[in-house]
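Some notes on the structure that comes next.
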Amino acid sequence: MTKLANRTRNLTSFKVVDFLEAAQSLEAQGRDIIHMEIGEPRFETAAPILEAARVAMTEGRTGYTPSCGIPELRQAIADFYAEQYEVEIDARRVIVTTGSSAALGMVCELLLNPGDGLLLADPGYPCNANFVRRLDAEPQLVPVGPDENYQLSAASVEEYWRPNSVAAMVASPSNPTGTVIDQQQLAELYRQVKAQQGTLIVDEIYHGLTYSDVPLSSALSVADDLFVINSFSKYFGMTGWRLGWMVVPEPVIDTLTVMAQNFYIASPSIAQYAALAAFQPDTREILEQRRQAFQARRDFLLPALRELGFRIDRVPEGAFYLYADVSTFTDDCEAFCWQLLREHGIACTPGTDFGHNKARQHIRFAYTESLPRLEVAVDRLRRALKG
């Protein structure tokens, strides 16, 4: 038998994908499944983006591009920060990646040596811990709950920082809870990490999908010597195009360029040219309509789930998830999710996908389906809980 590297023993499965594949298998058998598991906006890619891709293919823009992205896209992203956040950045600091996963992985590989530690909120996006484990480094999970807004803070960084810790990563809005960190909290968090001689990484993948009247600030408004990661998958609705980016401190641009050259040569060319249209006014109008649709879905589903007996202590301010306490119904969230899928046609994600902190008493609902489909889901949940 092939001998595997020891680090592979510590990798955890991505449970949301397990449930997605099981749901798709049931659909192939003719079952009607309501998808509330995968974090994928169930909208088609906006028409201006599709048209830009068609033009790029017609013009033969199908070859390798510069490893850090086509100059036009890097500049467009820099211009987006100036327009959206009033933050001026040099386009050289923008590294276009094959999805935000590549960005997250590259930042970990840039910063972590074997044995180093990275502070992460628990619950949090499950793949982050595996990016750390694959480097023989240590994911240092910090338990956070509704009292902490499910986020790391300056105080928790001070409390949980260890001698081997080198960085902290936060997500705002977060997955699975949809909570955000405001500018003042980000500044305090940044100062505490710097006081520990560490580096702050901020996942802003769900920026644009927020539901407050107060605009969300980018961490780049706090400092230049941190890492910001974003994606075309969520707000821009380009999941299958596999395109993301990161904004990095100037001193590491050359190193990350070498890493990109070696790890994936370049991001998909057609996706990059298509993404240029993501920033156009007509596209942004479409995306704003979709943001409003997500808000309407949240505003329907949140009280509906609470009425059924699910406990949701924090109203999500962004993303498209509800993180629900199911301890009233079960002490095994995975068995509960499998029952909902197999018996009632509702696919959702067990809390055990997102860490260890009270994980078995939570599940995550994604409100990515249409409002009428969510209404059907609530009816099915009501029947399931009565049964």
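Just so it is clear, none of the values below were taken in a lab; they were calculated from the coordinates. All values derive from a computational prediction rather than experimental measurement. When we count neighbours, we look across all protein chains shown, and the Cβ atoms used for this are built from the backbone with ideal geometry, even at glycine.
Spin-label model, residue 264/residue 311: points 7 Å from Cα along the beta carbon direction are separated by 4.0 nm. Gaussian network model of the chain, Cα springs within a sub-10 Å range: biggest mean-square fluctuation belongs to which of 254, 332, 182? Highest fluctuation among the options: 254.
Dividing the summed -39500 (n - 2.57) terms of all DSSP H runs of n ≥ 4 by the residue count of the chain sets its mean residue ellipticity at 222 nm at -13000 deg cm²/dmol. Applying Stokes-Einstein at 20 °C and 1.002 mPa s to the Kirkwood radius of segment 309-387, computed over alpha-carbon pairs, gives a translational diffusion coefficient of 166 µm² s⁻¹. Below 8 Å, C-alpha to C-alpha, sequence gap of six or more: please give me the relative contact order for the chain in percent. The value is 25 percent. Using C-alpha pairs below 8 Å separated by at least 6 residues, the relative contact order for segment 241-367 is 19 percent. Here is the list for segment 63-100: chymotrypsin sites (Phe, Trp or Tyr not before Pro) lying in DSSP coil, each with at most 10 other C-beta atoms within 10 angstrom of its C-beta, are 64. Quarter the surface of the alpha carbon convex hull of the chain and you get the mean projected area, 20.1 square nanometres.
Using the Cα gyration tensor of segment 160-289, with a ≥ b ≥ c the square roots of its eigenvalues, what is the shape: rounded (a/c below 1.5), prolate (a/b larger than b/c) or oblate (neither)? The shape class here is oblate.
Taking 7 Å steps out from each Cα toward its Cβ at residue 214 and residue 383 produces label points 4.3 nm apart. Across segment 256-264, coupling constants 3J(HN,Hα) worked out from phi with the 6.51/-1.76/1.60 Karplus curve, θ = phi - 60°, read 5, 4, 4, 4, 4, 4, 8, 7, 8 Hz, and Gly and Pro carry x. Among the listed pairs 194/234; 234/386; 194/358; 15/386; 15/194, those whose Cα-Cα separation exceeds 32 Å are 234/386; 15/194. Select from 204, 369, 285 the residue whose mean-square fluctuation is largest in a Gaussian network model of the chain (Cα-Cα springs shorter than 10 Å). Residue with maximal mean-square fluctuation among 204, 369, 285: 285. Taking every alpha-carbon pair under 8 Å whose residues sit at least 6 apart, segment 36-112 reaches a relative contact order of 22 percent. Using only side-chain charges placed at the Cβ, +1 for Lys and Arg and -1 for Asp and Glu, the dipole size of the chain relative to its Cα centre rounds to 1080 debye. Taking 20 Å as the cut-off, the amide N atoms of segment 321-346 that come nearer than this to a point 7 Å along the Cα-to-beta-carbon line of residue 13 belong to 331-346. A simple rule links phi to the HN-Hα coupling: the Karplus curve 6.51 cos²θ - 1.76 cosθ + 1.60 with θ = phi - 60°, which for segment 271-280 gives 4, 5, 5, 5, 5, 4, 6, 5, 9, 5 Hz, with x for Gly and Pro. Kindly identify segment 11-99 as rounded, prolate or oblate by the Cα gyration tensor criterion: order the square roots of the eigenvalues as a ≥ b ≥ c, call it rounded if a/c is under 1.5, otherwise compare a/b with b/c, prolate if a/b is larger, else oblate. Note, shape of segment 11-99 comes out prolate.
If R0 is 25 Å, the Cβ-Cβ spacing of residue 57 and residue 293 corresponds to a FRET efficiency of close to 0.25. Within the listed set 272, 29, 75, the Gaussian network model of the chain (springs between alpha-carbon atoms below 10 Å) gives the highest mean-square fluctuation for 29.
The residues packed around residue 167, meaning those with a beta-carbon under 14 Å from its beta-carbon, carry a net charge of -3 if Lys and Arg are +1 and Asp and Glu are -1. Whole-Hz Karplus values for segment 375-383 come out as 5, 5, 4, 5, 4, 5, 4, 4, 5 Hz, taken residue by residue from phi with 6.51 cos²θ - 1.76 cosθ + 1.60 and θ = phi - 60°; glycine and proline positions read x. Each of 67, 28, 135 was placed along the dipole of segment 1-151 (beta-carbon charges, centred on the mean Cα), and the one lying farthest toward the positive end is 135. Please give the FRET efficiency for residue 2 paired with residue 159, using the beta carbon to beta carbon distance and R0 = 45 Å, rounded to the nearest 0.05. That pair, residue 2 with residue 159, gives E of 0.60. Only beta bridges with both residues in the chain are counted; by DSSP, about 45 percent of them are antiparallel.
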